[in-house]
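The block underneath contains the structure these notes are about, expressed in structure tokens.
The values are calculated or read from the model by the stated rules, or taken from the named source; none is laboratory data. Predicted model, so just to flag it, every value in this text is computed and none were measured. Cβ: placed from backbone, ideal geometry, glycine included. Neighbour counts: every protein chain shown. Accessible surface is based on the protein model in full, side chains and every heavy atom, while ligands, DNA and RNA are left aside. Shrake-Rupley method; radii C 1.70, N 1.55, O 1.52, S 1.80 Å.
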Amino acid sequence: MQSAPEISGVEYDDSLPILDMEQLEMLVLVDEDDDASHELVRELYDLFSTESREKLEGLAEACRVEDRATVRKIIHFVAGSAGNLGLSRLCSFYRGIERGIDINSLIDLSSLAELAVQEFELASKAFKEIVPD
């Protein structure tokens with residue numbers, strides 16, 4: 001497993017698994033023989049992925065101009081949806097970014113966008129391996 005990103009001023013539980021299978025199973029009781037359950041999970045993930053990618057497109061620019069309110073809004077959106085899908089490390093990392101912004105411990109935004117997108121892609125890859133198209 002790839003190590004969790006580190007950003008000065010951002011604290012989160014980096015020991016969490018990338019994908020929390022218990023949360024995924026609670027979302028929809030996934031039965032290996034139930035195509036409808038798998039299809040619903042895939043549809044939810046596709047919606048999350050599409051909307052999150054649209055939001056994340058603006059993250060680099062928001063970081064560049066140090067628009068903390070926009071950065072927080074983007075991160076907040078993705079974090080909530082990630083948690084619902086069982087993407088536990090992504091959710092924790094993004095919640096840590098939110099807290100860092102809220103308490104002003106996150107000073108340097110220069111590497112934030114790259115690391116945030118990198119962690120999003122890692123979580124997406126893990127999800128697709130468990131619930132393939």
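Remarks
- Nearest-20 debye value, the chain charge dipole, Cβ charges on Lys, Arg, Asp, Glu: 720
- FRET efficiency for Asn84 and Ser111, using Cβ-Cβ distance with R0 set to 30 Å, rounded to 0.05: 0.65
- For Asp46, neighbours were defined as the other residues whose beta-carbon sits under 11 Å from its Cβ, and their charges (Lys and Arg +1, Asp and Glu -1) total -1.
- Global form of the stretch 74-126, assessed from the alpha-carbon gyration tensor, a/c cut-off 1.5: oblate
- Cα gyration tensor, the chain - rounded (a/c under 1.5), prolate or oblate: prolate
- A 1.4 Å probe run over the chain, with the rest of the protein chains in place, finds 56 Å² accessible per residue.
- Phi-based couplings in Hz for the stretch 123-130 (Karplus 6.51, -1.76, 1.60; Gly and Pro marked x): 5, 4, 4, 4, 5, 5, 5, 7
- Of all the options Ile97, Ile18, Ile107, the one that moves most in a Gaussian network model of the chain with Cα springs shorter than 10 angstrom is Ile107.
- Efficiency of FRET from Cβ geometry, Glu121 and Glu11, R₀ 25 Å, rounded to 0.05: 0.65
- For the chain, the longest principal axis of the alpha carbon atoms and the long axis of helix 88-102 meet at an angle near 20°.
- Within the listed set Gly83, Gly58, Gly96, the Gaussian network model of the chain (springs between alpha-carbon atoms below 10 Å) gives the highest mean-square fluctuation for Gly58.
- Accessible-area rank, largest first, for Met21, Met26: Met26, Met21, with all protein chains present and a 1.4 angstrom probe.
- Using θ = phi - 60° in the Karplus curve 6.51 cos²θ - 1.76 cosθ + 1.60, the 3J(HN,Hα) couplings for the stretch 39-56 round to 5, 4, 4, 4, 5, 4, 5, 4, 5, 4, 4, 4, 5, 5, 4, 4, 5, 5 Hz; x is entered for Gly and Pro.
- Solvent-accessible area, 1.4 Å probe, carbon plus sulfur percent, for the chain: 49
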